[in-house]
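*Asks:* Would you mind keeping the following structure in view while I ask a few things?
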Amino acid sequence: MNTDRLLAAARDAVRHCRCPYSGFRVTAVLESEDGRLFPGVNIENASFGLTLCAERAAAARAISSGATGFVRMLVYSPDGTPMPCGACRQFLAEFCREDFQVLVAGRDDPPRAYRLGELLPHAFTLAPERTPPRAPEIH
Ligand SMILES: [Zn+2]
């Protein structure tokens with residue numbers, strides 16, 4: 001699957017990053033099943049706990065635009081190779097299947113692909129049909 005279009009959108013969005021505290025720019029581009037791309041950027045806040053990661057910004061943008069099915073996301077930084085944090089993995093698990101593809105890329109690192117289920121096995125869910133099989137009991 002070609003990633004050029006996602007990478008171009010991710011690189012273009014870097015100019016919108018708001019990261020005055022860390023200086024670590026991150027963008028994420030979420031691709032919906034109908035082929036639309038939804039870029040997001042990290043948005044830092046002086047109250048650090050309110051900082052919004054690029055992955056969640058992209059997902060909020062997509063969902064707010066009416067998109068419902070997603071196939072993959074590319075996470076990019078010109079300042080290093082970013083990995084989605086735990087909060088973003090859980091956030092994505094609400095809307096994406098376990099085989100949803102998460103690509104990570106840096107300025108000098110070509111995209112590497114992971115599955116969401118690999119990054120966050122046994123995600124928290126309230127949906128019974130998505131509850132993972134029980135782990136073996138410990139005796
Ligand atoms: Zn995050």
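*Asks:* Could you put 77, 65, 32 in order, starting from the residue whose Cβ has the fewest other Cβ atoms within 10 Å?
*Replies:* 65, 32, 77
*Asks:* Using only the Cα atoms of region 75-139, what semi-axes does the equivalent ellipsoid have when each is the square root of 5 times a gyration tensor eigenvalue? Give whole Å, largest first.
*Replies:* Numbers: eigenvalues 159, 31, 19 Å².
Over the Cα atoms of region 75-139, the ellipsoid semi-axes are 28, 12, 10 Å.
*Asks:* When the Karplus curve 6.51 cos²θ - 1.76 cosθ + 1.60 is applied with θ = phi - 60°, which whole-Hz ³J(HN,Hα) does each residue of region 94-110 get, with x for Gly and Pro?
*Replies:* Ordered by residue, 3J(HN,Hα) equals 5, 10, 10, 6, 5, 8, 4, 8, 10, 9, 10, 8, x, 3, 10, 10, x Hz.
*Asks:* Roughly what % antiparallel, to the nearest 5, for the DSSP beta bridges in the chain? Could you put the intermediate results ahead of the total?
*Replies:* Values: 16 of 23 bridges.
Approximately 70 percent, going by the DSSP bridge assignments.
*Asks:* Turning to a different aspect of this structure: Under the rule of -39500 (n - 2.57) per DSSP H run of 4 or more residues, summed and divided by the residues of the chain, what mean residue ellipticity at 222 nm is obtained, to the nearest 500 deg cm²/dmol? Mind showing how you got there, number by number?
*Replies:* Numbers: 4 runs with 33 residues, N = 139.
Calculated at 222 nm, the ellipticity per residue is -6500 deg cm²/dmol.
*Asks:* Counting Lys and Arg as +1 and Asp and Glu as -1, each charge on the Cβ, what is the dipole of region 4-119 about the Cα centre in debye, to the nearest 20?
*Replies:* Numbers: 14 positive and 14 negative charges, 51 e Å.
Magnitude of the dipole: close to 240 debye.
*Asks:* For region 92-114 and region 24-90, what is the centre-to-centre distance using only Cα atoms, to the nearest Å?
*Replies:* Result: 11 Å between the Cα centres.
*Asks:* In what order do 1, 73, 83 fall by count of nearby beta-carbon atoms within 10 Å, going from fewest to most? Intermediate results must be reported in sequence, preceding the final value.
*Replies:* Numbers: 1 9, 73 28, 83 15.
Listing 1, 73, 83 from fewest to most nearby Cβ atoms yields 1, 83, 73.
*Asks:* Given a cut-off of under 8 Å on Cα pairs at least six residues apart, what relative contact order in percent is computed for the chain? Don't skip to the end; give the middle numbers.
*Replies:* Numbers: 260 pairs, mean separation 25.6, N = 139.
Once divided by the residue count of the chain, the mean separation gives 18 percent.
*Asks:* Would you work out which of 96, 20, 67 lies farthest towards the positive end of the dipole of the chain? Charges go on Cβ: Lys and Arg +1, Asp and Glu -1.
*Replies:* Going by the charge dipole, the pick is 20.
*Asks:* Divide, for the chain, the radius of gyration over alpha carbons by 2.2 N^0.38 Å, where N is the residue count.
*Replies:* Details: Rg = 15.5 Å, N = 139, 2.2 N^0.38 = 14.3 Å.
It is 1.08.
*Asks:* Next question, about the same structure. With springs connecting C-alpha atoms under 10 Å apart, model the chain as a Gaussian network and identify which of 94, 129, 33 has the largest mean-square fluctuation.
*Replies:* 129
*Asks:* Additional query: With charges only on Cβ, +1 for K and R and -1 for D and E, what is the dipole size of region 73-139 about its Cα centre, in debye, rounded to 20? Provide the component values of the computation, followed by the final result.
*Replies:* Numbers: 7 positive and 9 negative charges, 13 e Å.
Its charge dipole is roughly 60 debye.
*Asks:* Further, regarding this structure: Which Cα, out of 37, 57, 116, lies furthest along the positive dipole direction of region 34-139 (beta carbon charges, K/R +1, D/E -1)?
*Replies:* Farthest towards the positive pole: 37.
Where a number appears in this text, it was derived from the coordinates with a stated rule and is not lab data. Please read all numbers here as calculations on a predicted model, not as lab measurements. Virtual Cβ from ideal backbone geometry, glycine too; neighbours counted across all protein chains shown.
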